[in-house]
Amino acid sequence: MFEGVDHISFDPPGRLLNDEFGVVEFLGYDGDCFTVVMEIGSGYELGDYVNVKTTIRAKAVAIEKPGEEGARIRD
C-alpha cells in the first residue's frame, strides 16, 4: 500500500493492469517523497500482452496486517 501518493502514471496509458509484477526499481527521494517504477503485466484473451511501466511517487509504503484492516506493517 502506498500512502501520500501525489503522482501515478502508466506507460502505455489505458491498459488494465491484470497480471504479474516484473522489475521494481527505486529511483530515490525528492523532498519528502520517493519514486518507484514497476513493470506490471497487462494481458487480454487475444494474446495481446504488454508490460506497463507504472511510476508512483509517495511519502510512505506499508502492508496491512492480516486480519487487522488499517493496521500497517512498515518494518
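The values are calculated or read from the model by the stated rules, or taken from the named source; none is laboratory data. Bear in mind that the values here come from a model prediction, so they are computed numbers and not experimental data. Heads up, the Cβs are rebuilt from the backbone with ideal geometry, glycines too, and the neighbour counts pull from every protein chain shown. Accessible surface is based on the protein model in full, side chains and every heavy atom, while ligands, DNA and RNA are left aside. Shrake-Rupley method; radii C 1.70, N 1.55, O 1.52, S 1.80 Å.
Mind listing whichever residues of the stretch 59-70 are β-branched (Val, Ile, Thr) and open to solvent by less than 90 Å² (accessible area, probe 1.4 Å)? Lay out the reasoning, then the answer.
First, pick out the residues of the stretch 59-70 that are β-branched (Val, Ile, Thr): 61, 63.
Hit for the stretch 59-70 is Val61, nothing else.
Table: residues versus (1) at pLDDT 85 or above; (2) among the hydroxyl-bearing types (Ser, Thr, Tyr).
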| site | (1), (2) |
| --- | --- |
| Gly22 | yes, no |
| Phe26 | yes, no |
| Thr35 | yes, yes |
| Gly41 | yes, no |
| Tyr44 | no, yes |
Evaluation of Val5 against (1) outside any strand (DSSP E or B); (2) at pLDDT below 90 (one fails), failing number: (2)
Single condition Val52 does not satisfy, out of (1) at pLDDT 85 or above; (2) assigned to a loop (DSSP other than H, G, I, E, B); (3) of a type outside the set (S, T, N, Q): (2)
Answer from Gly41, Gly47, Gly28, Gly14 - the residue that is part of a strand (DSSP E or B) and over 14 Å from the mean Cα position of the chain (by Cα): Gly28
Unique match (being touching a Leu at 6+ places or on another chain (Cβ under 9 Å), among the hydrophobic types (A, V, I, L, M, F, W, C) and open to solvent by less than 90 Å² (accessible area, probe 1.4 Å)) among Ile73, Ile40, Ile56: Ile40
Residue pairs meeting the criteria (Cβ under 7 Å; at least 6 apart or on separate chains; first of a type outside the set (Phe, Trp, Tyr), in the stretch 1-27; second surrounded by fewer than 12 Cβ atoms within 10 Å (Cβ to Cβ) and at pLDDT below 90): Met1/Ile63
